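Enquirer: Here it is, the structure, as structure tokens.
The values are calculated or read from the model by the stated rules, or taken from the named source; none is laboratory data. Since this is a predicted model, take the numbers as computed values, not measurements. Every residue, glycine as well, gets a Cβ built from its backbone with ideal geometry; the counts of neighbours run over all protein chains shown. Just the protein is used for accessible areas: all its heavy atoms, side chains included, with ligands, DNA and RNA removed. Shrake-Rupley method; radii C 1.70, N 1.55, O 1.52, S 1.80 Å.
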Amino acid sequence: MTPTSQDEVTSLVNTPIYELEGEFDWSETIQGLVLGSFSYGYIMTQVVGGRLAERYGAKWVFGVSILSGGVANLLTPTAARLHYGVLIALRAMQGFFQGVTWPSMHACLAQWIPPLERPSFVAFVYFGKFIK
């Protein structure tokens, strides 16, 4: 909805966010499935991610994971406009590919960091993202 007058703009600005209508009229169940579908795919590849990284190379597994997740993210608006089922499948696929990211990082760190520097470097890599 595009406002056409100053009164409509003022009305939109003063309307609480929970009263605004979105582009998609999905029930809470469908919204929950859309949000949870990433986790369903993500859980499936957590265990095999490290093994894939050891077998095929951590940088390739990590790179394909990040690339496929990015492509899936770019396709998300189109999938949502097609049908919520397409979006659920896309998000599950995105989670499936990105589930190998953290386990492949373990394999990367094990190969690239000297043994004596691993404790401090691993702490920085995994916990440094929380430092502001």
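Enquirer: How far apart, in nm, are the 7 Å Cα→Cβ label points at I43 and V125?
Expert: Result for the modelled spin labels: 2.7 nm.
Enquirer: Computed FRET efficiency, Cβ-Cβ of L75 and R51, R0 25 Å: what is it to the nearest 0.05?
Expert: In this case the efficiency is close to 0.35.
Enquirer: Under the Karplus relation 6.51 cos²θ - 1.76 cosθ + 1.60, θ = phi - 60°, what is the ordered set of whole-Hz ³J(HN,Hα) values for the stretch 102-114, x standing for Gly and Pro?
Expert: 3J(HN,Hα) across the stretch 102-114, in whole Hz: 5, x, 6, 5, 4, 5, 4, 5, 5, 8, 9, 9, x.
Enquirer: In nm, what is the difference between 0.36 nm times the number of residues separating H83 and E117 and their Cα-Cα distance?
Expert: 7.3 nm
Enquirer: Ok, one more. Could you look at the stretch 73-132 and say what percent of its accessible area is carbon and sulfur, using a 1.4 Å probe and all protein chains?
Expert: Looking at the stretch 73-132 in its full context, I get 71 percent from C and S.
Enquirer: From the phi angles alone, apply the Karplus equation (6.51, -1.76, 1.60; θ = phi - 60°) to the stretch 42-55 and give each ³J(HN,Hα) in whole Hz, x where the residue is Gly or Pro.
Expert: With the stated coefficients, the stretch 42-55 comes to 4, 5, 5, 10, 4, 6, 7, x, x, 5, 4, 5, 5, 7 Hz.
Enquirer: Among A53, Y40, S68, whose Cα lies farthest out toward the positive end of the dipole of the stretch 24-132, if unit charges sit on the beta carbon of Lys, Arg (+1) and Asp, Glu (-1)?
Expert: Final value for the positive-end residue is A53.
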